[in-house]
Amino acid sequence: MTALLEVQNLHKSYGSLKVTEDISFSINRGEALGVIGPNGAGKSTLFNLIAGGIRPDSGTVLFNGLDVTNFHLHERSIKGIGRSFQIPHPFGGMTVFENLLVGASFSAKLKGQDAEALAIDVLDRTGLLEKANRPAGELTLLERKRLELAKALSTQPALLLLDEIAGGLTEHECHELVELINSLRKEGITLIWIEHIVHALVSVVDRLLVIDFGVKLDEGEPHAVMNNPKVQEIYMGISAE
Amino acid sequence: MSRISSFEVSRSTRASKVALVGWIVILGVLISVPFWAGRGDMRFLIEFAYYLTLAQMWNLLAGYAGLVSVGQQAFVGLGGYMLFAASVYFGIHPVIAIPIAGVLIALISIPTAFVVFRLRGAYFAIGTWVVAEVFRLLFAQISSLGGGSGMSIPAKIVKEIASGRTERDMLIYFTALVILVAGTAMVYLLMRSKYGLALTAIRDSEPASDSLGVNIFKTKLTIYVASAAVTGVVGALIFLQKLRISPDVAFSLQDWTAAVIFIVVIGGIGTIEGPIIGTLIYFGLRSLLSDYGSIYMIVLGCVAVVMMLWAPKGVWGLITQKFDLQLFPVNRRVTWK
Ligand SMILES: Nc1ncnc2c1ncn2[C@@H]1O[C@H](COP(=O)(O)OP(=O)(O)OP(=O)(O)O)[C@@H](O)[C@H]1O
Ligand SMILES: [Mg+2]
């Protein structure tokens, strides 16, 4: 089986601050990988390196066997890498429905009614159907996070990158989110999910990747990783929350 | 699930349907003007039409694509000079020369874009102005086009434009009307298409639109080129009416960009309705203050500053705050059957 995504020896520094240090991992088609690590560990940076928001100082990103390291963000999106932003970026001047038409038209490259049908389907799945005609700028923070997930899905991604979308959800909402993500997995989406809410993460993913100070600390089966003393040491504070 | 198969996407509202009838009536009246109005009225309407078209183009650029240019006079001047060169030196009928100027200016604007797009924000604005100044100085050096003092279209060519003076006025009037309607329609159709979606997305968040597959550079370049081409076409029209051109008039910052920015800001930036209202206000103020000379510019400046502070969305913004109105419906509304 060829890997859908292969990340090789990625390095990224901001001045003297090493944010990503020699990170390598790969993920097969249909797999789900959870990413954990303390605040400022470099998790979102890793997503930006994969999705194309920033370029690495060195290292390679292979997607579907293709070297996409120097591809623009929009090119990677069209190739099938969809991502949500940790801090929501709604298109405030558009309706929620129109927000989804952007990805459906430009990334999934659907036309007219096909794009509209995808937008409506994604709104329905993410529980935003009622808000279809609302300006996205009027949404609450939780709704904005849902819109982030919906926008990522509107690109019909092969690889979905989710950056902390469960924070602030009630137990019930969190359960719904896990169900939605599991149903996406059944459809064949490959997933990388950054989340501090470890129990939600563990109920979805096959493997965990732990990052600390830009370095890969551990990777493997979730329970084995959580039982690693080094992981417990740096992660105690967060998993106890 | 049941709702998914039974939705409909619409844009028109009752107000916009009434507005459409209104636009058709206005267009009908405008078409009839040459058959009953005087020369002066037609001159006024031609000027109104070209200012409104310039305003729609600057609004497309600044209001929709976020490219705040103060150098659109570059394309007005180029359009004018191309009309003169084509008709005087190549014997092309001036009205035919107008679209040719548009195509050539579209081509010229591409390398220009690669220069100014390297700059951001205020530097972009200054860069566009510098480009326009370079063109002005350049044309002042071309002696075959009259150098710094400019040139007039020879009487022989003027006579060839149309069979008589009335016919010539009528031809220029209808050309202006066609350019206005086509320019406005271009903005409207563009904003309703997926490119309009991309432009609004880019305005609201560049990283998010990029990650949703929007090619930001290509989108902005397309808008820049389209707006330059139509601005050039208007330039050709302006100097066809004036029959005389000089570098200082052709590349005038005050006439072709400052006044246009005033129109768009007063009327309401980022809307198609705004430039229409802004042009009405501009011409209204101009005729009110025409006897007071330079005070007129000072009053315009004060009105602009007050509007920017009190109503940054312009007069049209004030109107839509009170009434849910769209005369050019762009937004999509989902309804369930
Ligand atoms: N553009 C930037 N310039 C300088 N430093 C940056 C920049 N972006 C991120 N950093 C720094 O890089 C480090 C890693 O940031 P990153 O956002 O990747 O962390 P994270 O693991 O996602 O944290 P969190 O859990 O808080 O979201 C932080 O110390 C951050 O301050
Ligand atoms: Mg983060």
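General remarks:
- Neighbours by Cβ (under 8 Å, 6+ apart or cross-chain): first from the stretch A:162-176, within 14 Å of another protein chain (Cβ to nearest Cβ); second more than 16 Å from ligand 2 (Cβ to nearest atom) and part of a strand (DSSP E or B): A:L162/A:L191
- Candidates A:G53, A:G30, A:G80, A:G65: the one that is modelled with pLDDT of 95 or more and more than 23 Å from A:Q232 (Cα to Cα) is A:G80.
- Options A:F91, A:F47, A:F97, A:F71; residue that is closer than 28 Å to A:Y14 by Cα, more than 16 Å from ligand 1 (Cβ to nearest atom) and either within 14 Å of chain B (Cβ to nearest Cβ) or not in a strand (DSSP E or B) (or both): A:F71
- Count of the stretch A:21-44 residues which are away from chain B (no Cβ under 14 Å) and either open to solvent by 20 Å² or more (accessible area, probe 1.4 Å) or within 8 Å of ligand 1 (Cβ to nearest atom) (or both): 15
- Qualifying positions in the stretch A:50-68 - under 13 Å from A:I192 (Cβ atoms) and either near ligand 1 (Cβ under 10 Å from one of its atoms) or not β-branched (V, I, T) (or both): A:A51, A:F63
- Taken as a whole, the structure leaves B:I92 outside the set of residues that are part of a helix (DSSP H, G or I) and either hydroxyl-bearing (S, T, Y) or surrounded by fewer than 23 Cβ atoms within 10 Å (Cβ to Cβ) (or both).
- Subset of the stretch A:102-112 that is more than 12 Å from A:G82 (Cα to Cα) and within 8 Å of chain B (Cβ to nearest Cβ) - its residue that is surrounded by the fewest Cβ atoms within 10 Å (Cβ to Cβ): A:K109
- Applying the criterion of at least 2 residues that are in contact (Cβ under 8 Å) with a residue 40 or more places away in the chain and within 14 Å of another protein chain (Cβ to nearest Cβ) to the helices (runs of 4 or more DSSP H) found wholly in the stretch B:130-229 leaves B:165-192, B:194-204.
- Search result, residues across the stretch A:37-54 that are touching a Leu at 6+ places or on another chain (Cβ under 7 Å) and within 11 Å of ligand 2 (Cβ to nearest atom): A:F47
- Here A:Q86 passes the criteria (1) under 20 Å from A:H11 (Cβ atoms); (2) polar (S, T, N, Q); (3) within 16 Å of ligand 2 (Cβ to nearest atom) except the one numbered (1).
- Taken over the stretch A:15-36, residues that are within 16 Å of ligand 2 (Cβ to nearest atom) and of a type outside the set (A, V, I, L, M, F, W, C) amount to 2.
- The single condition among (1) open to solvent by less than 40 Å² (accessible area, probe 1.4 Å); (2) under 23 Å from the mean Cα position of the chain (by Cα) that B:T320 does not satisfy is (1).
- Pairs where the first residue, in the stretch B:279-292, is at pLDDT below 90 and the second is hydrophobic (A, V, I, L, M, F, W, C) and open to solvent by 60 Å² or more (accessible area, probe 1.4 Å), C-beta under 7 Å, 6+ apart: B:L289/B:I295
The values are calculated or read from the model by the stated rules, or taken from the named source; none is laboratory data. Everything numeric here is computed off the predicted structure, so don't read it as measured data. Neighbour counts are summed over all protein chains in view; Cβ atoms, including those assigned to glycine, are modelled from backbone coordinates with ideal geometry. Quick note on the areas: whole protein, heavy atoms, side chains included, nothing else; ligands and nucleic acids left out. Shrake-Rupley method; radii C 1.70, N 1.55, O 1.52, S 1.80 Å.
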